[in-house]
Amino acid sequence: MTMHARHLRARLKGWGGVGAMAAACALALVFALALTCTGSAASQPAGARTTQALTTVGTARAADDCEAPEKQTLAPSRADGPTIAAIKARPGEKRKLIVGVDQNSYRWGYRDPNGGESGRLEGFDIDLVHRIAEDILGDPDAVQFKAIPTDQRIPAIQDGRVDLVVRTMTINCPRLQDVAFSAPYFRTGQQVLAPKSSPVEGYDETLAHRKVCTAKGSTAHAKLEEDRRSGDLPASTDISTTVPNQLDCLVRLQLGEVDAVVNDGALAASQAAQDPTVELKGEAFTTEYYGVAMKKDADDLVRRVNQILVDFRQDTATGWEASYTKWLSATMDDDPSASRPPTPEYLRRS
């Protein structure tokens, strides 16, 4: 799954390696400050909260029965419920879907430092957000974006700061204890990113005595901790470097502060496309699925998002395939499994 050199060269136009990345990070900081000062989700009426409390059987079961977390979600439905009704009831200019996103993941959720529409986020995840807003509120631009770091995705949902998180978020069993997920919309796996000149060859003994960076709260960091305890990762591997956002690991790598990065292969491929001096090393060593995250008691919203994902996959003109081709094909075509959406499975009600 290592990206071919021609793909890297094709996607590097206008980025200019490390210098451009520094500029991109500076822009990301400015917009993060702007986005995170835009308010929070409206509180729901007590009646709506009570109604929702009675509809948590499916998601509670999901957390207890978690052999395949990507299958622990509710069947699609177009019906409105208390969560959706509360979103639609927001007055005036506040009648928007509030969504937690990333703004510095190249091709997923980012601001192009070379231009584009001023102040507008773009990428695969952003396309999906617009699709959800259009279905629920009738307007693809009825969205309030909130830039949130990796380790704040779950707290932002639980605190009601956002309705949804669409931010390359892996569905896994521990997270199902805290939030509900949609069906998966993308398949990936953990992979190693390192300088081309590095002796690191992948997720193996070549990481011994090397310093590895991961995002705090990420599945990558949890995997490294687990594997070092079990002996599947060399005990001398230094995994102490964690950062709020996964792009910060690339900056640490560029500065020589770490020897390698472990991240989702889909994100690591995009990072390799930003910097011609780094590349993916070895194959993916896990299988993971991205999902849309929501509150555990928001069953009606989970079902509605799952229906939207059904429509998104089936729409060959402007849906999943078109978005993949536009944003990800240049960096992901070496991984055939990534070029098609996962087939969803849902919880069976008794």
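The values are calculated or read from the model by the stated rules, or taken from the named source; none is laboratory data. From a predicted model like this one, the values you see are computed outputs, not experimental measurements. Note: ideal-geometry Cβ built from the backbone for every residue, glycine included; neighbour counts use all protein chains shown. Remember, those area values only see protein heavy atoms, side chains included, never the ligands or the DNA or RNA. Shrake-Rupley method; radii C 1.70, N 1.55, O 1.52, S 1.80 Å.
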For region 190-281, with +1 on Lys and Arg beta carbons and -1 on Asp and Glu, the positive-most of C249, N263, L280 along the dipole
C249
Output the pairs from K211/K326; K196/K296; K146/K223; K88/K216; K71/K94 with a Cα-Cα distance over 32 Å in this structure; if there are none, say none.
K211/K326; K196/K296; K88/K216; K71/K94
Residue-span extension gain [R78 to A317] - 0.36 nm each, minus C-alpha spacing:
83.9 nm
Protein-only accessible surface order, largest first, of Y185, Y203 at 1.4 Å:
Y203, Y185
Checking rank on 208-218, 74-84, with mean other Cβ inside 10 Å and highest first, the result is 208-218, 74-84
Roughly how much of E257 is accessible, in Å² to the nearest 10, using a 1.4 Å probe?
90 Å²
Sorted list, accessible surface of protein heavy atoms, 1.4 Å probe, largest first, for F124, F285 is F285, F124
For K196 and D178 in the same chain, what is the full-extension length gain: residue separation times 0.36 nm, less their Cα-Cα distance, in nm?
2.6 nm
Placed amide H near D163: partners under 5 Å, 5+ positions off or other chain
I98, V99, G100
How many nm separate the modelled label positions at S236 and H209, each set 7 Å beyond the Cα in the direction of the Cβ?
0.4 nm
Run the simple label-point estimate for E226 and T277 please: 7 Å along Cα→C-beta, distance reported in nm.
3.4 nm
S337 and D159 label points (each 7 Å along its Cα→Cβ direction) are spaced in nm at 3.6 nm
Within region 83-110: backbone nitrogen closer than 20 Å to the D151 label point (7 Å, Cα to C-beta):
100-105
